[in-house]
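This report refers to the structure that appears directly beneath it.
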Amino acid sequence: VQLQASGGGLVQAGGSLRLSCIVSGRTFSSVGWSRQAPGKEREFVAVLRRSDRVTVYADSVKGRFTISRDNPKNTVYLQMNSLKPEDTAVYFCAARYTDYGSFDYWGRGTEVTISS
């Protein structure tokens, strides 16, 4: 099983980035993103359920981030708009076997830095 994240970088506040996560090895019920800012615990960002395409977002990113997937490409995206300095973190792609609950697999992170 591999979750390969990419797309991080350095952007100015107000800018946009799109993260990608290629999922290989098996099919998961849900794929999503978490992030970990320097000196802070990892926090949930967004998740997309394969069965009904329901999406769930952290309050801090609602209205600014959009999670989506391209099934033929086995890729999940996180479109991040109106970025803020507090969005600076390492972003991790994650997956789980069930529609609810904790993630079962984690990929390596991709670093996102937002300058003010």
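The values are calculated or read from the model by the stated rules, or taken from the named source; none is laboratory data. Computed from a prediction, not measured in an experiment: that's the story for all the values here. Neighbour counts run over all protein chains shown; Cβ positions are idealised from the backbone, glycine included. Each accessible area value is taken on the protein alone, full model and side chains, heavy atoms only, with ligands, DNA and RNA left out. Shrake-Rupley method; radii C 1.70, N 1.55, O 1.52, S 1.80 Å.
FRET efficiency for residue 108 and residue 37, Cβ-Cβ distance as r, R0 = 25 Å, nearest 0.05?
0.90
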**Asked** Hey, with R₀ at 25 Å, roughly what FRET efficiency would residue 99 and residue 2 work out to, going by the Cβ-Cβ distance, to 0.05?
**Response** 0.70
**Accessible surface of the range 1-103, 1.4 Å probe, proportion on carbon and sulfur as whole %** = 46 percent
**Fill in**
For 63-73, 79-89, ranked highest to lowest by mean beta-carbon neighbours within 10 Å, the order is 79-89, 63-73
**Asked** Can you pull out the trypsin sites (Lys or Arg not before Pro) in the range 2-37 that DSSP calls coil and that have at most 16 other Cβ atoms within 10 Å?
**Response** 26
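So, for the range 65-116, what is the accessible surface per residue at a probe of 1.4 Å, expressed in square angstrom? Kindly include the intermediate steps, with their values, before the conclusion.
Numbers: 2670 Å² over 52 residues.
The answer is 51 Å² per residue.
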